[in-house]
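Enquirer: Before I ask anything, let me first share the structure, which is written out below as C-alpha coordinates.
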Amino acid sequence: IHKQVVTYLKLQYPNVIFHTDFAAGCKMSIGQAVKNKSLQSSRSWPDLFIPEPSNGLAGLFIEIKSDLSKVYKKDLTFKKDEHIEAQAEMLDRLTGKGFKAVFGCGFDHCKRIIDEYLAP
(Lines give C-alpha, C1' and ligand atoms only; values in the text may rest on other atoms or scores of the structure.)
Protein backbone atom coordinates (compact mmCIF):
# COMPACT_ATOMS: atom_id res chain seq x y z
CA ILE A 1 0.00 0.00 0.00
CA HIS A 2 2.92 2.36 0.70
CA LYS A 3 4.12 1.91 -2.87
CA GLN A 4 0.62 2.54 -4.26
CA VAL A 5 0.25 5.71 -2.16
CA VAL A 6 3.69 7.01 -3.15
CA THR A 7 3.05 6.28 -6.83
CA TYR A 8 -0.29 8.07 -6.61
CA LEU A 9 1.30 11.12 -4.95
CA LYS A 10 4.04 11.30 -7.58
CA LEU A 11 1.56 11.09 -10.46
CA GLN A 12 -1.33 13.15 -9.10
CA TYR A 13 0.63 15.76 -7.08
CA PRO A 14 4.11 15.97 -8.65
CA ASN A 15 4.97 19.24 -6.89
CA VAL A 16 4.03 18.06 -3.40
CA ILE A 17 6.91 17.16 -1.09
CA PHE A 18 6.41 14.06 1.04
CA HIS A 19 8.32 11.54 3.12
CA THR A 20 7.37 7.95 3.79
CA ASP A 21 9.02 5.68 6.32
CA PHE A 22 8.77 2.47 4.35
CA ALA A 23 11.67 0.94 6.31
CA ALA A 24 9.52 0.92 9.46
CA GLY A 25 7.72 -2.19 8.22
CA CYS A 26 10.82 -4.01 7.01
CA LYS A 27 12.55 -6.85 8.80
CA MET A 28 15.85 -5.77 10.33
CA SER A 29 18.63 -7.54 12.17
CA ILE A 30 18.74 -6.96 15.93
CA GLY A 31 21.64 -4.53 15.48
CA GLN A 32 19.81 -2.57 12.76
CA ALA A 33 16.62 -2.43 14.83
CA VAL A 34 18.49 -1.14 17.91
CA LYS A 35 20.27 1.52 15.84
CA ASN A 36 17.05 2.54 14.08
CA LYS A 37 15.18 2.82 17.39
CA SER A 38 17.96 4.97 18.88
CA LEU A 39 17.55 7.45 16.01
CA GLN A 40 13.78 7.91 16.45
CA SER A 41 11.81 9.99 18.94
CA SER A 42 9.14 7.30 19.04
CA ARG A 43 8.32 4.02 17.35
CA SER A 44 4.82 5.43 16.84
CA TRP A 45 5.85 7.97 14.19
CA PRO A 46 3.36 7.86 11.27
CA ASP A 47 4.30 6.29 7.94
CA LEU A 48 3.66 9.26 5.64
CA PHE A 49 4.21 13.00 6.07
CA ILE A 50 3.19 15.67 3.58
CA PRO A 51 4.57 19.05 4.80
CA GLU A 52 2.02 21.02 2.79
CA PRO A 53 -0.09 23.60 4.65
CA SER A 54 -3.80 23.35 3.86
CA ASN A 55 -6.96 24.80 5.39
CA GLY A 56 -5.11 26.21 8.39
CA LEU A 57 -3.26 22.95 9.09
CA ALA A 58 0.54 22.64 8.99
CA GLY A 59 0.74 19.32 7.14
CA LEU A 60 -0.69 15.82 6.82
CA PHE A 61 0.44 12.65 8.61
CA ILE A 62 -1.02 9.26 7.72
CA GLU A 63 -0.40 6.01 9.57
CA ILE A 64 -0.94 3.54 6.72
CA LYS A 65 -2.70 0.26 7.46
CA SER A 66 -3.82 -2.43 5.02
CA ASP A 67 -7.46 -2.30 6.08
CA LEU A 68 -9.88 -1.13 8.78
CA SER A 69 -9.68 -4.43 10.66
CA LYS A 70 -6.03 -3.72 11.54
CA VAL A 71 -7.09 -0.69 13.62
CA TYR A 72 -10.77 -0.89 14.50
CA LYS A 73 -13.19 -3.43 15.91
CA LYS A 74 -16.56 -3.95 14.18
CA ASP A 75 -18.11 -1.17 16.30
CA LEU A 76 -15.34 1.18 15.03
CA THR A 77 -13.64 1.52 18.40
CA PHE A 78 -9.88 0.97 18.52
CA LYS A 79 -8.62 -2.55 18.93
CA LYS A 80 -7.02 -3.27 22.29
CA ASP A 81 -3.48 -3.36 20.97
CA GLU A 82 -0.53 -1.60 22.60
CA HIS A 83 1.03 -0.57 19.28
CA ILE A 84 -2.26 0.73 17.77
CA GLU A 85 -2.96 2.65 20.99
CA ALA A 86 0.54 4.21 20.89
CA GLN A 87 0.04 5.17 17.24
CA ALA A 88 -3.37 6.70 18.01
CA GLU A 89 -1.81 8.69 20.86
CA MET A 90 0.92 9.99 18.51
CA LEU A 91 -1.71 10.99 15.93
CA ASP A 92 -3.57 12.88 18.69
CA ARG A 93 -0.35 14.64 19.75
CA LEU A 94 0.37 15.69 16.15
CA THR A 95 -3.22 16.88 15.72
CA GLY A 96 -2.75 19.00 18.84
CA LYS A 97 0.28 20.62 17.19
CA GLY A 98 -1.72 21.79 14.18
CA PHE A 99 -1.41 18.87 11.77
CA LYS A 100 -4.02 16.59 10.26
CA ALA A 101 -2.94 13.19 11.56
CA VAL A 102 -5.02 10.07 10.86
CA PHE A 103 -5.04 6.36 10.19
CA GLY A 104 -5.40 5.53 6.50
CA CYS A 105 -6.83 2.05 6.01
CA GLY A 106 -6.18 0.70 2.52
CA PHE A 107 -5.19 2.54 -0.65
CA ASP A 108 -8.61 4.00 -1.43
CA HIS A 109 -8.96 5.47 2.07
CA CYS A 110 -5.43 6.96 1.95
CA LYS A 111 -6.14 8.41 -1.50
CA ARG A 112 -9.39 10.02 -0.24
CA ILE A 113 -7.58 11.52 2.77
CA ILE A 114 -4.85 12.97 0.54
CA ASP A 115 -7.29 14.32 -2.05
CA GLU A 116 -9.49 15.97 0.58
CA TYR A 117 -6.48 17.48 2.34
CA LEU A 118 -4.84 18.82 -0.82
CA ALA A 119 -8.06 20.03 -2.47
CA PRO A 120 -7.91 23.73 -3.39
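The values are calculated or read from the model by the stated rules, or taken from the named source; none is laboratory data. These numbers were taken from a predicted model, which means no experiment stands behind them. Quick note on the areas: whole protein, heavy atoms, side chains included, nothing else; ligands and nucleic acids left out. Shrake-Rupley method; radii C 1.70, N 1.55, O 1.52, S 1.80 Å.
Enquirer: If you take every DSSP beta bridge fully contained in the chain, what fraction is antiparallel? Give it as a percent rounded to 5.
Expert: Here the share of antiparallel DSSP bridges comes out near 55 percent.
Enquirer: How high is the relative contact order of segment 50-120, in percent, counting Cα pairs under 8 Å that sit 6 or more residues apart?
Expert: Across segment 50-120, relative contact order equals 40 percent.
Enquirer: Per residue, how much accessible surface does the chain expose to a 1.4 Å probe? Answer in Å², no decimals.
Expert: 66 Å²
Enquirer: Still on this structure, please answer the following. For a quick check, take a GNM of the chain with Cα springs below 10 Å and name the residue from K79, K27, K100 with the largest mean-square fluctuation.
Expert: So, out of K79, K27, K100, the one fluctuating most is K27.
Enquirer: With springs only between Cα atoms under 10 Å apart, run a GNM on the chain and tell me which of F103, F61, F78 wobbles the most.
Expert: F78
Enquirer: Rounded to the nearest 500 deg cm²/dmol, what is the calculated helix-only ellipticity per residue at 222 nm for the chain, with -39500 (n - 2.57) per DSSP H run of length n ≥ 4?
Expert: About -12000 deg cm²/dmol.
Enquirer: Pairs of lysine in the chain with Cα under 21 Å and at least 8 positions apart or on different chains: total?
Expert: For the chain, qualifying lysine pairs total 23.
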